[in-house]
1. Just the number, please: Stokes-Einstein D of the stretch 1-61 in µm²/s, Kirkwood Rh from C-alpha pairs, 20 °C, 1.002 mPa s.
2. Among Thr14, Thr124, Thr82, which one shows the highest mean-square fluctuation when the chain is modelled as a Gaussian network with alpha-carbon springs under 10 Å?
3. Return one whole number: the accessible area per residue of the stretch 192-239 in Å², for a 1.4 Å probe.
4. Which residue fluctuates most in the GNM of the chain (Cα springs below 10 Å): Gln217, Gln269, Gln40?
5. With the contact rule set at Cα under 8 Å and sequence spacing of 6 or more, what percent relative contact order holds for the stretch 230-326?
6. Where both residues lie in the stretch 1-128, what percent of DSSP beta bridges are antiparallel, nearest 5?
7. Classify the stretch 1-138 as rounded, prolate or oblate, taking a ≥ b ≥ c as the square roots of the eigenvalues of its Cα gyration tensor: rounded when a/c is under 1.5, otherwise prolate if a/b is larger than b/c and oblate if not.
8. With the cut-off at 17 Å, report for the stretch 31-99 the share of all Cα pairs above it, as a whole percent.
Amino acid sequence: MKIAFVGKGGSGKTTLSSLFIRHLAANEAHVVAVDADINQHLGAALGLDETEAAALPAMGAQLPLIKDYLRGSNPRIASAETMIKTTPPGEGSRLLRVREDNPVYEACARTVKLDDGDIRLMATGPFTESDLGVACYHSKVGAVELCLNHLIDGSDEYVVVDMTAGSDSFASGMFTRFDMTFLVAEPTRKGVSVYRQYKEYARDFGVALKVVGNKVQGEDDLDFLRTEVGDDLLVGIGQSDWVRSMEKGRPAPFDLLEAGNRMALQALQDAAEDSYEQRDWERYTRQMVHFHLKNAESWGNEKTGADLAAQVDPAFVLKECCTDVGAAQPA
């Protein structure tokens, strides 16, 4: 299942996404973690030192390889150069799976060893000096969206994405790619402002959204969040000595995380599993096509010089039993 963590800058979404990833690994789940934030901190939150975190390959830099691999033998895509971030799969496309080895993972993913198991970590890559004034952040996350569009996941597999802060993900259709979106909010007026934006944007697309209160100090904080977000409040996370030690670079074993916070993480997993049971693959594919056609008309056709609507395979539905004919073709 695909999980997104969102929230305003400084809300603690990266910390909570890293805790959730550790929790899933402790529960023996198969996990691919993606740092899709312009401020690349997920690697450090998972225990990498500065050198290791800086050495993570940037998915954006591997976009030509990603496009070439995912295109496979799809006859509707004339060339990898005509693929954009929203290009949907069709007959002949190569599809990604959580538990496999493939050229995309080889180029973009690294194994991170946690206390209770290993996970794969991928990162969009940070903004560089050469990007300033000539590139927008969405060009970086395009590789993530393209991979999500071509990824098949099962009930015991997790793709956890630490999203960019604020409501930037609504600049494309990536916000519809998730079975559950956890919005991390502090119990303040500013803390719930992003929630209102998400709720409004997501309303027409059936996006499953739950609020995780962070830095909650008591019942008064929970009462405030309940008043502001109603039934969307899932759970509150309290202050954590374990997290404080982790942020100092001295993490204790994960099984020493406070019992209340461990229970909160389990509540997140339970909510994600309940949401996954409601997944509608046909709607999922239909939304993918919807945003592709919008992007094609607004900028994609002009940029590529091609009619990108022709890339849509009307008979194709992405689902767990899909086979990718393109996998038999040379990379």
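The values are calculated or read from the model by the stated rules, or taken from the named source; none is laboratory data. Given the structure is predicted, the values throughout are model-derived calculations rather than measurements. All Cβ positions, glycine included, derive from the backbone under ideal geometry; neighbour counts span all protein chains shown. For the accessible areas, the whole protein counts, side chains as well, though only heavy atoms, and no ligand, DNA or RNA atoms are used. Shrake-Rupley method; radii C 1.70, N 1.55, O 1.52, S 1.80 Å.
1. This corresponds to a translational diffusion coefficient of 171 µm²/s.
2. Most flexible of the set in this elastic network: Thr82.
3. Working: 2560 Å² over 48 residues.
I get 53 Å² per residue for the stretch 192-239.
4. Gln217
5. 21
6. Values: 6 of 11 bridges.
So the antiparallel bridges in the stretch 1-128 amount to around 55 percent.
7. Oblate shape, in that a/c is at least 1.5 and b/c is the bigger or equal ratio.
8. 54
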